[in-house]
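Following: one structure in structure tokens, then a few remarks.
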Amino acid sequence: MYGAVIHAPGDVRFEERADPVIVEPTDAVVRTVAACVCGSDLWRYRGVAPVPQPTPIGHEFCGVVEQVGDAVTTVKPGDFVVGGFNPGDNSCPVCRKGAQANCVNGAHYAGCQAEKIRIPFADGTLLTTPGVPTDEQLPAILTLSDVMCTGWHAAVSAGVAPGSSVAVVGDGAVGLCAVLASAQLGASTIIAMSRHDDRQALALRFGATHIVAERDEAGAEAVKKLTDGIGADCVLECVGTEGSRLQAIGCVRDGGNIGLVGVPHGDLPVNELFWRNVGVRGGPAHCRAYLPELLELVWDGVIDPAPVFDLQLPLADVAEAHAAMDSRRAVKVLLRP
């Protein structure tokens, strides 16, 4: 088969790889119908995270089960499935507490920007869709492998509830999905922080009530003006840079909460958070906890995160997909084998 391999910063290649096989009786092999590039993939593409050796890349997918191990009981060959970016058994003591992202037996994919994928812990990772998605449904289903679950996790971690005021830091796919999640959870004020017209328009489409284009102190002041002068109840940090984290702290009210889901590159001023009674929760999304509800919402058309994909390319053009997202020519790129 063929799949994407990152060799060095800026160097992603579509090359031949070994076909995945069943290694453990809990495995499945899925034929990829759609995959995509994640903003977190760009940390390596930009050289912020190291690339010590050529490495298969990608962690988002949906597709059709081709093989299952002898111990797999919940999916079978022919099923159309989606799975979160963080495979786990969904049965360990931590999973049973609802923290599946921290499964004590958690595993990783060997690159999902590929024609086929080995799925560890298939029973704990994969959900079968109610039917075979139409071509129009496919992008929304694909968001459930990461960005929609991650945006939802940001909102849940920050305690978004009916009547909440929310500020979203980050206008990438995760930030936009966080806007959509906040609207679905009943927030009354949703402030999307964005300086890009196309992303502002999509945030408004997803339920944002206000747009703030300013950053740093000016951005924080703009958020405060929209929230009785005190800042947002809930701030969703969806980037991970030190600047975005500081922006989140500047926008949250005293006694409020920050949902932190951007892959971290920077520290937090813990003393300031302490004296301001600001709560911080978040981390990698507990996809398996959210997938059943989100799959139902997407399948029934209650929410539609599909517009975060503003470019579709053949999987063979995966290098261009990374370049397009790196240069902000695309919010998120869907890849079809």
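The values are calculated or read from the model by the stated rules, or taken from the named source; none is laboratory data. This one's a predicted model, so the numbers in the text were calculated from it and none came from an experiment. Every residue, glycine among them, receives a Cβ derived from its backbone with ideal geometry; neighbour counts consider all protein chains shown. Surface areas here come from the heavy atoms of the whole protein model, side chains and all, with no ligands, DNA or RNA. Shrake-Rupley method; radii C 1.70, N 1.55, O 1.52, S 1.80 Å.
Select from HIS286, GLY240, GLY255 the residue farthest towards the positive end of the dipole of the stretch 226-322; place +1 on Cβ of Lys and Arg, -1 on Cβ of Asp and Glu, and compute about the Cα centre.
Of the listed residues, the answer is GLY255.
Assuming a ≥ b ≥ c are the square roots of the Cα gyration tensor eigenvalues, decide whether the stretch 73-163 counts as rounded (a/c under 1.5), prolate (otherwise, with a/b larger than b/c) or oblate.
Judged from the Cα gyration tensor, the stretch 73-163 comes out oblate (a/c at least 1.5, b/c at or above a/b).
Is the shape of the stretch 2-123 best called rounded, prolate or oblate, per the rule: a/c under 1.5 gives rounded, else a/b larger than b/c gives prolate, else oblate, with a ≥ b ≥ c the square roots of the Cα gyration tensor eigenvalues?
oblate
Top to bottom by accessible area (1.4 Å), largest first, where do GLU136, GLU15 land?
Per-residue accessible area, sorted high to low, gives GLU136, GLU15.
Take the eigenvalues of the Cα gyration tensor for the chain, scale each by 5, and report the square roots as semi-axes in whole Å, largest first. Please report the intermediate quantities before stating the final value.
On the way: eigenvalues 217, 89, 70 Å².
Computed over the chain, the values are 33, 21, 19 Å.
For the stretch 1-48, with only Lys/Arg (+1) and Asp/Glu (-1) charged at the beta-carbon, what is the dipole magnitude about the Cα centre, in debye rounded to 20?
For this selection, approximately 220 debye.
Report the gain in length on full extension from VAL64 to ASN105: 0.36 nm times residue separation, minus Cα-Cα distance, nm rounded to one decimal.
Extra length available between VAL64 and ASN105 comes to 12.3 nm.
Hand me the trypsin sites (Lys or Arg not before Pro) from the stretch 240-312 located in a DSSP loop with no more than 12 other Cβ atoms within 10 Å, in residue order please.
Here no trypsin sites (Lys or Arg not before Pro) fit, given the DSSP loop and packing criteria.
Would you check the accessible area of GLU217, probe 1.4 Å, heavy atoms only, in square angstrom rounded to 10?
Spelled out: GLU217, probe radius 1.4 Å, area about 150 Å².
Where q = 0.09, 0.16, 0.22 Å⁻¹, what log10 of I(q)/I(0) comes from the Debye formula for the stretch 137-266, counting one point per Cα?
Evaluating at q = 0.09, 0.16, 0.22 Å⁻¹ gives log10 I(q)/I(0) of -0.20, -0.65, -1.28.
Which Cα, out of CYS95, PRO305, VAL64, lies furthest along the positive dipole direction of the chain (beta carbon charges, K/R +1, D/E -1)?
Farthest towards the positive end: CYS95.
Report the rotationally averaged projected area of the stretch 106-202 based on its alpha-carbon convex hull, in square nanometres. Could the numbers behind the result be given before it?
Working: hull surface 33.2 nm².
So the mean shadow area of the Cα hull is 8.3 nm².
Mind ranking THR32, THR73 by accessible surface for me, highest first, 1.4 Å probe?
Values: THR32 5, THR73 115 Å².
Heavy-atom accessible area, descending, gives THR73, THR32.
About the Cα centre of the stretch 101-181, how large is the charge dipole given +1 on each Lys and Arg Cβ and -1 on each Asp and Glu Cβ? Please answer in debye to the nearest 20. Write down the numbers at each step before the final one.
Values: 2 positive and 6 negative charges, 44 e Å.
The calculated dipole for the stretch 101-181 is roughly 220 debye.
Let me know the charge dipole size of the chain about its Cα centre in debye, to the nearest 20, where only the beta-carbon of Lys, Arg (+1) and Asp, Glu (-1) is charged.
For this selection, approximately 440 debye.
Enter the accessible area of THR241 (Å², nearest 10), with the probe set to 1.4 Å and all protein chains included.
So the heavy atoms of THR241 present about 50 Å² to solvent.
Give the ranking of VAL94, VAL179 by solvent-accessible surface, highest area first, calculated with a 1.4 Å probe.
VAL94, VAL179
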